[in-house]
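Read through the structure below, which is laid out as structure tokens, and then see the notes.
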Amino acid sequence: MSTEAGLWRLYGAAGRLASPLAAPYLARRAARGKEEAARAGEKRGIASAPAFDEAPVWLHAVSVGESVAATALAEALVAEGWPVVLTTATPTAAARVAAVTGPRLVHQYAPLDTPPFLARFLDHWRPRAALFTESEVWPTTLLTLSRRGIAEAHVNARLSDRSFARWAKRPALAHPLFAAMGLVLAQSERQAERFATLGAPDVRAVGNMKFDAPPPVPDAARLGALREATAGRPVWLAASTHPGEEEMVLAAHRRVSARHPGVLTIIAPRHPERGDEVAALAARTAPTTRMSRGEAPTGAIHLVDEMGALGTFFALAPVVFLGGSLVPLGGHNPAEPAALDAALLTGPSHGEMFEPFIAAGAARVVADRTALGIAVSSLLASGAERAAVAELAAATLEAERGVLAKVMAALAPFLAAASEGRRPQDAAARSPQDGGAETPVPKEPSAIPGGGEDGAVGSVITSETGDDAAVGPADDVAEAVSEEPGDAARAAEATSADEPPAAAEPEPAPDDRLEPQDETKPEPAPERAPEPEPKPDDEAERSDGPVSQNEAEEVSRLTTPESPITPEKGSV
């Protein structure tokens with residue numbers, strides 16, 4: 001057995017050993033408001049909805065940022081006649097997709113990336129194909145899908161600089177996973193090259209689907225009340241801010257208020273649960289009001305600490321700074337404020353989505369708090385300048401649209417092949433040990449490099465998101481492997497494409513990791529109905545040879561996040 005196969009087998013065994021810790025872990029997270037207690041069983045593969053009469057497409061988007069594009073794709077798939085199981089990792093993402101669910105589109109929380117939970121999920125839903133958005137690289141999931149003969153594709157795919165560098169340094173570990181990807185539809189030529197370099201066999205650059213997502217719809221009644229309450233005042237918005245950025249926004253507020261007396265600075269933290277923390281910080285600068293308390297914006301600073309309100313505030317504020325960019329998290333989606341006529345500002349860590357806007361003069365980059373204050377003051381002082389930037393942003397957005405149609409065109413033959421029981425990459429078939437019907441063994445077991453006939457059964461997850469994406473054992477991994485601090489998970493969870501999991505219960509990942517995973521991902525929750533636990537996955541625990549101490553240390557190093565928050569976020 002090759003070294004890399006041994007490492008991924010060890011990773012899978014660690015995930016299986018850690019799986020009993022999932023229930024208490026999820027329960028603790030639920031107590032802190034980071035999981036839906038009533039649905040925590042879904043992360044252990046226990047379905048809360050009946051299976052479809054026909055095999056569905058499984059579409060996964062870890063958190064809010066990814067769910068923007070995934071929702072549009074899910075609706076397009078349903079319109080083409082495909083039933084869809086749309087999974088997310090965070091409650092915020094679940095709330096966002098709830099509006100589009102129906103008889104042919106069901107939402108579930110994604111199972112933790114461990115053999116028992118994944119087998120239970122797959123055995124219930126029996127998907128004909130699996131689609132993962134952006135930077136989701138879950139070792140156990142990818143290799144199990146490959147063994148089961150389930151077609152898999154990555155859509156809107158991307159890898160952050162940090163994540164790509166980590167994988168590139170460990171090609172023996174990366175190749176089995178990336179070679180198992182049947183189709184990769186990347187956000188750009190740069191991203192396509194990264195996936196191809198790491199071993200993905202069929203990679204195409206089609207663009208970013210987030211440009212096609214409909215903008216959030218403003219609440220007309222609330223918008224009218226806000227306009228009345230702020231009449232005559234200069235207004236600007238700092239949206240999707242992260243720890244370390246609010247201090248810079250408040251410093252910018254002081255500079256702006258010196259030039260524009262009566263200015264209203266609106267702060268919308270990426271994670272509304274940070275409301276108390278941000279409110280205390282803001283109150284030391286100027287009188288502060290909070291949306292969550294039903295307060296009108298009568299002070300100098302107004303805190304938007306509720307979900308689902310950004311569309312209204314994008315429509316209210318003529319100048320919008322998008323966070324996650326003055327700290328190294330990769331920025332957030334500029335399409336939404338651009339669609340609502342805002343002049344855009346971003347920090348230097350803005351990610352690829354901002355590049356066409358910057359190139360067209362449709363967004364301005366600010367290096368620090370001082371530059372932010374100067375840029376906001378300038379735009380508030382000149383209506384003509386502000387309108388010109390906003391018009392360029394709207395035009396740039398329109399020019400970038402059309403990606404969803406390209407994605408659907410590329411997926412058509414892929415899904416047709418999946419319907420006929422064929423997989424584009426002709427990868428290894430599923431083994432009986434992973435809990436389901438046996439499929440023919442491929443002619444060349446080495447189709448999955450290093451995995452042999454069995455592939456690798458791991459619990460690692462790589463997700464790069466910027467939202468609290470605790471997906472059990474896969475969350476920390478997502479966090480560790482992603483350049484973007486998604487908001488992720490532990491033990492079996494603590495595995496990332498760059499960093500594998502440990503068998504012991506990991507500490508829960510910070511809230512601002514990947515939406516990480518982003519944003520990019522086991523905590524427990526209440527037990528569900530008495531459903532029999534899946535039979536052990538013999539393949540996950542069987543060893544074809546001893547694993548050395550050095551190999552074990554390498555797995556631990558790869559799956560353990562270097563810091564609670566991945567420094568380079570990219571989920572927007």
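The values are calculated or read from the model by the stated rules, or taken from the named source; none is laboratory data. The structure displayed is predicted, hence computed values, not measured ones. All Cβ positions, even for glycine, are placed from backbone atoms using ideal geometry, and neighbour counts span all protein chains on display. Calculation scope for accessible area: heavy atoms of the full protein, side chains included, ligands and nucleic acids excluded. Shrake-Rupley method; radii C 1.70, N 1.55, O 1.52, S 1.80 Å.
Could we say that Gly324 is touching a Leu at 6+ places or on another chain (Cβ under 7 Å), crowded, with 24+ Cβ neighbours inside 10 Å and in a loop (DSSP other than H, G, I, E, B) here? Show your work before the answer.
Numbers: touching a Leu at 6+ places or on another chain (Cβ under 7 Å): no; crowded, with 24+ Cβ neighbours inside 10 Å: yes; in a loop (DSSP other than H, G, I, E, B): yes.
No.
Which of (1) in a loop (DSSP other than H, G, I, E, B); (2) at pLDDT below 95; (3) open to solvent by 10 Å² or more (accessible area, probe 1.4 Å) is the odd one out, the single condition Ala367 does not satisfy?
Result: Ala367 fails condition (2) only.
Would you confirm, using the coordinates I've provided, whether Thr312 is open to solvent by less than 20 Å² (accessible area, probe 1.4 Å) and part of a helix (DSSP H, G or I)? If you could, list the steps in order and put the result at the bottom.
Numbers: open to solvent by less than 20 Å² (accessible area, probe 1.4 Å): yes; part of a helix (DSSP H, G or I): yes.
In short, yes.
Might you check whether a residue that is farther than 21 Å from His154 by Cα and open to solvent by 20 Å² or more (accessible area, probe 1.4 Å) occurs anywhere in the range 74-93? Break it down into steps so the answer makes sense when it comes.
Step one: of the range 74-93, the residues farther than 21 Å from His154 by Cα are 91-92.
Filter once more, keeping what is open to solvent by 20 Å² or more (accessible area, probe 1.4 Å): 91-92.
Checked against the condition, which is being farther than 21 Å from His154 by Cα and open to solvent by 20 Å² or more (accessible area, probe 1.4 Å), the range 74-93 yields at least one hit.
Test Leu143 against the stated conditions and say whether it is under 29 Å from Asp212 (Cα atoms) and crowded, with 24+ Cβ neighbours inside 10 Å.
No; evaluated as a whole, the condition is false for this residue.
Listed here are the residues, each with its yes/no results for (1) assigned to a strand (DSSP E or B); (2) among the hydroxyl-bearing types (Ser, Thr, Tyr); (3) at pLDDT 95 or above.
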residue: Ala239; (1), (2), (3): yes, no, yes
residue: Met248; (1), (2), (3): no, no, yes
residue: Ala252; (1), (2), (3): no, no, yes
residue: Pro261; (1), (2), (3): no, no, yes
residue: Ile266; (1), (2), (3): yes, no, yes
residue: Glu273; (1), (2), (3): no, no, no
residue: Glu277; (1), (2), (3): no, no, yes
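Of all residues in the range 97-126, which are more than 23 Å from Leu26 (Cβ to Cβ) and at pLDDT 90 or above? Spell out the reasoning first.
So the first thing to find is which residues in the range 97-126 are more than 23 Å from Leu26 (Cβ to Cβ), and the list is 99-100, 102-105, 126.
Hits for the range 97-126 are Gly102, Pro103, Arg104, Leu105, Arg126.
Between Ser48, Ser19, Ser63, Ser67, which is farther than 18 Å from Trp138 by Cα and not aliphatic (A, V, I, L, M)? Can you show your working first?
Numbers: Ser19 fails: farther than 18 Å from Trp138 by Cα; Ser63 fails: farther than 18 Å from Trp138 by Cα; Ser67 fails: farther than 18 Å from Trp138 by Cα.
Going through Ser48, Ser19, Ser63, Ser67 in turn, the sole match is Ser48.
List every residue pair whose Cβ atoms sit under 6 Å apart, with the two residues 6 or more apart in sequence or on different chains, where the first one lies in the range 97-110 and is farther than 19 Å from Glu35 by Cα and of a type outside the set (S, T, N, Q) and the second, anywhere, is in a loop (DSSP other than H, G, I, E, B) and open to solvent by less than 30 Å² (accessible area, probe 1.4 Å).
Matching pairs, first to second residue: Arg104/Pro83.
Keeping to the range 337-352, report how many residues are closer than 21 Å to Ser160 by Cβ and surrounded by 24 or more Cβ atoms within 10 Å (Cβ to Cβ). First the steps, then the outcome.
Quick first cut of the range 337-352, residues closer than 21 Å to Ser160 by Cβ only: 346-352.
If we keep only those that are surrounded by 24 or more Cβ atoms within 10 Å (Cβ to Cβ) as well, we get 346-347, 350-351.
Qualifying residue count for the region: 4.
Of all residues in the range 113-163, how many are more than 16 Å from the chain's Cα centre (by Cα), assigned to a loop (DSSP other than H, G, I, E, B) and of a type in the set (Lys, Arg)?
Summing the residues that are more than 16 Å from the chain's Cα centre (by Cα), assigned to a loop (DSSP other than H, G, I, E, B) and of a type in the set (Lys, Arg) in the range 113-163 gives 2.
Just to verify a result, which residue in the range 375-393, among those that are surrounded by fewer than 16 Cβ atoms within 10 Å (Cβ to Cβ) and aliphatic (A, V, I, L, M), is farthest from Ser188 (Cα to Cα)?
Ala381
Filter the range 353-364 for residues that are open to solvent by less than 60 Å² (accessible area, probe 1.4 Å), assigned to a helix (DSSP H, G or I) and of a type outside the set (A, V, I, L, M); which is farthest from Arg190 (Cα to Cα)? Spell out the reasoning first.
Restricting attention to the range 353-364, the residues satisfying the condition of being open to solvent by less than 60 Å² (accessible area, probe 1.4 Å) are 353-354, 356-358, 360-363.
Still in the running and assigned to a helix (DSSP H, G or I): 353-354, 356-358.
Those left that are additionally of a type outside the set (A, V, I, L, M): 354, 356-357.
Details: Phe354: 15, Pro356: 14, Phe357: 17 Å.
Per the stated criteria, the residue is Phe357.
So, Arg190, is that one surrounded by fewer than 22 Cβ atoms within 10 Å (Cβ to Cβ), under 30 Å from Ser257 (Cα atoms) and charged (D, E, K, R) or not? Give the derivation first.
Numbers: surrounded by fewer than 22 Cβ atoms within 10 Å (Cβ to Cβ): yes; under 30 Å from Ser257 (Cα atoms): no; charged (D, E, K, R): yes.
So Arg190 does not fit the description; no.
Going through the range 43-55 one residue at a time, which ones are surrounded by fewer than 24 Cβ atoms within 10 Å (Cβ to Cβ) and either of a type outside the set (A, V, I, L, M, F, W, C) or more than 30 Å from Pro20 (Cα to Cα) (or both)? Steps first, please.
Kept after step one, since they are surrounded by fewer than 24 Cβ atoms within 10 Å (Cβ to Cβ), are these residues of the range 43-55: 46-55.
Once the filter is applied, which keeps residues that are surrounded by fewer than 24 Cβ atoms within 10 Å (Cβ to Cβ) and either of a type outside the set (A, V, I, L, M, F, W, C) or more than 30 Å from Pro20 (Cα to Cα) (or both), the range 43-55 yields Ser48, Pro50, Asp53, Glu54.
Conditions first: (1) crowded, with 24+ Cβ neighbours inside 10 Å; (2) assigned to a strand (DSSP E or B). Phe195 passes all but one, so which condition is the exception?
Unmet for Phe195, out of (1) crowded, with 24+ Cβ neighbours inside 10 Å; (2) assigned to a strand (DSSP E or B): (2).
Might you let me know whether the range 157-180 holds any residue that is more than 22 Å from Trp8 (Cβ to Cβ), modelled with pLDDT of 95 or more and aliphatic (A, V, I, L, M)?
No, there is no match, as no residue in the range 157-180 is more than 22 Å from Trp8 (Cβ to Cβ), modelled with pLDDT of 95 or more and aliphatic (A, V, I, L, M).
What residue, among those in the range 210-234 that are buried (at least 20 other Cβ atoms within 10 Å of the Cβ) and of a type in the set (A, V, I, L, M, F, W, C), is nearest to Leu322 (Cα to Cα)? If you could, list the steps in order and put the result at the bottom.
Just the residues of the range 210-234 that are buried (at least 20 other Cβ atoms within 10 Å of the Cβ), to begin with: 210-213, 216, 226, 234.
If we keep only those that are of a type in the set (A, V, I, L, M, F, W, C) too, we end up with 211, 213, 226.
On the way: Phe211: 16, Ala213: 18, Leu226: 21 Å.
The extreme case among them is Phe211.
A quick yes/no check of all residues on (1) closer than 17 Å to His60 by Cβ; (2) over 19 Å from the mean Cα position of the chain (by Cα):
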{"site": "Trp167", "(1), (2)": "no, no"}
{"site": "Ala172", "(1), (2)": "no, yes"}
{"site": "Leu177", "(1), (2)": "yes, no"}
{"site": "Val184", "(1), (2)": "yes, no"}
{"site": "Gln187", "(1), (2)": "yes, no"}
{"site": "Ala196", "(1), (2)": "no, yes"}
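For Val62, indicate whether it is surrounded by 21 or more Cβ atoms within 10 Å (Cβ to Cβ), modelled with pLDDT under 95 and not in a helix (DSSP H, G or I). Talk me through it step by step, then tell me what you get.
On the way: surrounded by 21 or more Cβ atoms within 10 Å (Cβ to Cβ): yes; modelled with pLDDT under 95: yes; not in a helix (DSSP H, G or I): yes.
Yes, satisfied.
Between residues in the range 379-400 that are over 17 Å from Ala335 (Cα atoms) and residues that are surrounded by fewer than 18 Cβ atoms within 10 Å (Cβ to Cβ) and among the acidic types (Asp, Glu), which pairs lie under 8 Å by C-beta distance while being six or more apart or on different chains?
Going by the 8 Å Cβ cut-off, the qualifying pairs are Leu379/Glu385.
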